[in-house]
Ligand SMILES: [Zn+2]
């Protein structure tokens, strides 16, 4: 199965190389002549065993040999849409090699012909980049893999992972087909071909399946899509941890969820005897796996469900768990536009259902919770406040929480993570015989029973190993994670002189945000046109939050990433920096999605010593109110904001300092207020009482909608201004009047920020 999958994965390397040759005006060879050269050059690939299989993909008709037929069929299914109930054959169109990949969010724009990297995910208007540069860089990185693994025995599987990662990086933003408009990416085609070849190869009735395809019968539900979902993420991460220690475990717990979900996916495919290529995705606490639809598979899955439940009951009192749902499908439902959409909806409903079932109570009624006996105030764990712990380094900690603290330290101080079946010293067991081994120097470790090995650093450097940006970003000092107090101390840095704060409030801010209306977007847009298009879409949205955001905005400024991935984000940071971060994340998300999707955010400012689960709960509520945002704005302002054309603006909002505001209006007013007040302060002496009085006037303006008597705010403003600010200067008065009149809430939120920045300590 692994060989079938690998052959299918490699079959189209020629497309990449051929475009490179043609671009250089060389006489290009036939596309199928390139893989041989490639197999020879990369001696870690099992050349003899897969060469014949790859050759078979290029046959005009389905080969008779069953192995070859499987690889042939996997490729054809992957490129077909079955509109006419027959498999497509590809026309190699070499005239049009510079045809770029259509952008997922905009049919008229493209991805550049470049590698997957934070700079290259935005839509561009015309062809950018070249195959020459792309291939040269690809080869350089490929050499790194060859060099590293040259003398490593028993590491076939890890080499192939690194190799697959490299393909993802270099072929995700280039089209597979040049003979159709809006092709899927080359990488997605290879990945889907490999997955299908592996899964078909694992079928009990593979001969029958191939026979059906030969006859043009695509109806039988031969596949099973398995979806796993970790529920209770927020409660699991925030728990009852004491604020003092929160920074030691929050990120670690969030990373643990990602690791656990990956390990559980490994566990499932091993139990089902499927190749790793059958794992479709593992991100944001979810996994998806394709399997054959067979009795044996369902029986094993039923057993695995019980094992998962038992694990979560034993370790986490059943407060969290991983639900498994599955839905059967046929070939059409994987590739046909209409049918895939319907299938996706059916699967989504099944996943929704398991969220309500969680644990099968009748199966666990015999179960007795393992509760530690004899816990008292001296032995209660400071982290979870549930288990019995031991006193260490000034706090009490239980074994489970100690694992999280260790993971947290390792994420910060080590670059590599191996998931292994052999326990080495200090390894942390994740699930039934799977261990985590962190290390910083890869040449020092034996790579024997490792299931996977990752370079976990969130940067763009390729060191020859598969990359998984798990470390995300947390601010550190001398190898230790900054505490929330230390983060708060970095507020309003311009207010610190000679290590002494002269002005500015010290506080942290929690940012919780996610993409708006994803469910509807998935239902109605083209991203669910096929299996490979949907996977590409999901991967790119995840990439934006888990890689683009940390690399672009968090490397230079100190933040604490609790989670970043899927379509959401939870970050803690100094309050003023966090407002800027929210603005930037939302702004670039709009640019990335060509305004097709928006991003709502809840911001909660707090003293660093407040319980962190309490802050998280408020951030969640703030986000909810941003999601509920809907308003009709005045015509005057509408002209400046595009989204407002129909009159109403929904979502795309930020909840900040107690007000829920449309992002565009807030940005506009905030910029003006911060600038104008700064200028104003250069000319006039501004007493804090003046600023507070302006807040009161804005309040009156807000209350005026309900209480007409409050319309007196205007004359009060004039009187107050003349008396306390200036008798002659009219400009600033006009500015205040206009802002309070038209955007009192935006004005107030911005002025509060201004006051907190200048307030003396
Ligand atoms: Zn504990």
Using the structure shown, decide if residue 115 is in a loop (DSSP other than H, G, I, E, B) and within 26 Å of residue 540 (Cα to Cα).
yes
Tell me, which residue of the stretch 22-38 that is free of Cβ contacts under 8 Å to residues at least 40 places away in the same chain and surrounded by 19 or more Cβ atoms within 10 Å (Cβ to Cβ) is farthest from the chain's Cα centre (by Cα)?
34
Answer yes if at least one residue in the stretch 338-348 is outside any helix (DSSP H, G or I) and either under 27 Å from the mean Cα position of the chain (by Cα) or surrounded by 21 or more Cβ atoms within 10 Å (Cβ to Cβ) (or both), and no otherwise.
no
Can you name every residue in the stretch 440-488 that is closer than 30 Å to residue 612 by Cα, more than 22 Å from the chain's Cα centre (by Cα), touching a residue at least 60 places away in the same chain (Cβ under 8 Å) and assigned to a loop (DSSP other than H, G, I, E, B)?
479, 482, 483
Being in the same structural domain as residue 611 (by TED's automatic domain parsing) and modelled with pLDDT under 90 narrows it down to one residue among 426, 499; which is it?
499
Being closer than 24 Å to residue 501 by Cα, in contact (Cβ under 8 Å) with a residue 12 or more places away in the chain and in a helix (DSSP H, G or I): is that true of residue 751 here?
yes
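What are the residues in the stretch 172-195 that are in a helix (DSSP H, G or I) and in contact with a strand residue (DSSP E or B) (Cβ under 7 Å, 6 or more places away or on another chain), if any?
Selection gives 186, 195.
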Quick test for you: out of 741, 676, 682, pick the one residue that is surrounded by fewer than 13 Cβ atoms within 10 Å (Cβ to Cβ) and modelled with pLDDT under 95.
682
The stretch 417-448, residues that are within 19 Å of residue 461 (Cβ to Cβ) and buried (at least 18 other Cβ atoms within 10 Å of the Cβ)
417, 418, 438
Unmet requirement for residue 96, which otherwise passes all of (1) modelled with pLDDT under 90; (2) within 24 Å of residue 538 (Cβ to Cβ)
(2)
What's the total number of residues in the stretch 367-416 that are in a helix (DSSP H, G or I) and either more than 15 Å from the ligand (Cβ to nearest atom) or exposed (fewer than 14 other Cβ atoms within 10 Å of the Cβ) (or both)?
6
What is the one condition in (1) more than 26 Å from residue 30 (Cα to Cα); (2) surrounded by 19 or more Cβ atoms within 10 Å (Cβ to Cβ) that residue 117 does not satisfy?
(2)
Within the stretch 196-240, tally of residues that are surrounded by fewer than 21 Cβ atoms within 10 Å (Cβ to Cβ), over 27 Å from the mean Cα position of the chain (by Cα) and assigned to a loop (DSSP other than H, G, I, E, B)
9
Can you run down the residue pairs with Cβ atoms below 7 Å, 6 or more apart or on separate chains, where the first is in the stretch 381-404 and under 12 Å from residue 242 (Cβ atoms) and the partner is near the ligand (Cβ under 8 Å from one of its atoms) and part of a strand (DSSP E or B)?
381/397; 382/397; 383/397
Could you run through the stretch 311-334 and say how many residues are in a strand (DSSP E or B) and within 13 Å of residue 291 (Cα to Cα)?
5
Selection within the stretch 57-88 - touching a helix residue (DSSP H, G or I) at 6+ places or on another chain (Cβ under 7 Å) and more than 21 Å from residue 278 (Cβ to Cβ)
58, 59, 62, 63, 81, 82, 87, 88
Taking the condition of being at pLDDT below 95 and under 21 Å from residue 521 (Cβ atoms), how many residues in the stretch 596-623 meet it?
3
Of the criteria (1) away from the ligand (no atom under 16 Å from the Cβ); (2) touching a strand residue (DSSP E or B) at 6+ places or on another chain (Cβ under 6 Å); (3) farther than 17 Å from residue 250 by Cα, which one residue 428 fails:
(1)
Taking the criterion of being within 18 Å of residue 617 (Cα to Cα) and under 17 Å from the mean Cα position of the chain (by Cα), would at least one residue in the stretch 279-287 satisfy it?
no
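The values are calculated or read from the model by the stated rules, or taken from the named source; none is laboratory data. Worth saying up front: this structure is predicted, and the values here are computed from it rather than measured. Heads up, the Cβs are rebuilt from the backbone with ideal geometry, glycines too, and the neighbour counts pull from every protein chain shown.
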